[in-house]
Amino acid sequence: MSKWLLDRLFTTEKQPTPRFAFQGTVNWMRALALIVEAPGFHDTELREFYANVQRRPANPVADTGVFENLLMSIHQVASLGSVNRNINDRYDVVRSAIVAWYYAVYAATRAMVLATSGASPEQHRATAKVWHRDIVQDGLAVRPFGLSLSTLVATEVKKQVANLRGHLTHALNTPAENLDEAWGAAYSYLSGTAEDEKSRMEGQVRSTSEFKKLGVNDFRTKAARELRDRALSKGRVNFLIQAFRYRGKANYRDAIYLTYGDTRTEEINQFTRDLETVATAHLRMAGHYANRRVEKGTWNQFIDDLEANLRVNFDLSRLRVDAGSREG
């Protein structure tokens, strides 16, 4: 079958291979969904994970920001739930679903940062930097959301990914069917994001006056490599950086491959369900952490208020961090 638009795109700019672009989009989310559905994200396990987190001194302004951002995340998760319950042809909304997924993750991430240091950066990359400092480095994010790399220097990235992977060699070309394969796919996307971030930072280095003074066009000389690696050593990869890359790839560059060409209705339907599953797990993690940090008693006031006044279709029992003893 002729693909006129795709052929035109290939003649004007570099395009990813259609099959691999689709696989990378849906298979990463399938892997994450398998991981968060496995042991580790039940309420009892999340309570145990955050059991030693201490309540911070009262900070009503920051706490308000926590609750506001969690509400924003709830809105996005609720929209994904509506997609899966009410829309038969999800091709029509798949790109919007990816955007909703990203902003669910982004808002919950901001809530955790606000609950830690009170920081409220406005830009996405700035938020990722603070998330790394406040949450990831202190082990306060449950894996896979806590997966990270501490550098972008290629040799060090290779070592760190190899240490994480171990024997788990599964990549993103086929859907994960078990937990080991899911972790392999998660590490594969982490590695790919590191390569993408490395390329981005190399472009930034090329634009600096220090690089231009070297009078070179690449990093083959020792001086150029040293300049590049100094910058790359300060780079990081964490889940928010992965999510930001994912939104850009799936919603912009790779978007045609989600809704064009071969019919993949079953895969698209599974994909939107996986988006909801992963976003919900991330929101629940943020809720458990925030409950430990905000002023005592305010968490249950927050949930009680939403139960009385929230008009979106979202099961707030998911955020009752302890339905039995009603912590908070």
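Computed over the chain, relative contact order equals 33 percent, with contacts defined as Cα pairs under 8 Å that lie 6+ residues apart. If you take every residue apart from Tyr102 with its C-beta less than 15 Å away from the C-beta of Tyr102, what net charge results, scoring Lys and Arg +1 and Asp and Glu -1? With Lys, Arg at +1 and Asp, Glu at -1, the net is +4. The shape of region 7-121 can be summarised by an equivalent ellipsoid whose semi-axes, obtained from the alpha carbon gyration tensor, come to 34, 18, 16 Å from longest to shortest. Multiplying the residue separation of Ala38 and Gln204 by 0.36 nm and subtracting their alpha-carbon distance yields 55.8 nm. As a calculated quantity, the FRET efficiency between Glu195 and Ser317 at R0 = 51 Å, using C-beta atoms, amounts to about 0.80. Taking all Cα-Cα distances within region 149-237, those exceeding 20 Å account for 44%.
Work out, step by step, the length gained on full extension between Leu5 and Leu214: first 0.36 nm times the residue separation, then minus their alpha carbon distance; give nm to one decimal.
Between Leu5 and Leu214, full extension yields 71.0 nm more.
Of the residues Phe22, Phe302, Phe67, the one that moves most in a GNM of the chain with alpha-carbon contacts below 10 Å is Phe302. Note on region 184-328: Cα-Cα pairs beyond 22 Å make up 63% of the total pair count.
Using a simple spin-label model with pseudo-atoms 7 Å out from Cα toward Cβ, Val161 and Ile87 lie 3.2 nm apart. Just to verify a number: FRET efficiency for Ser96 and Ala223, C-beta to C-beta distance, R0 = 56 Å, to 0.05? So, using R0 = 56 Å, E works out to roughly 0.75. Taking only the Cα atoms of the chain, the radius of gyration and Dmax are 21.0, 67 Å. Under 12 Å between alpha carbons, and skipping anything fewer than 8 positions from Lys3 in its own chain: which aspartates and glutamates qualify? Excluding near neighbours in sequence, the set is Asp262.
Each value in this text was obtained by applying a stated rule to the coordinates, not by laboratory testing. Since the structure is predicted, the reported quantities are computational estimates derived from the model, not experimental observations. Positions of Cβ are generated from backbone atoms using ideal geometry, with glycine treated the same way; all protein chains shown enter the neighbour counts.
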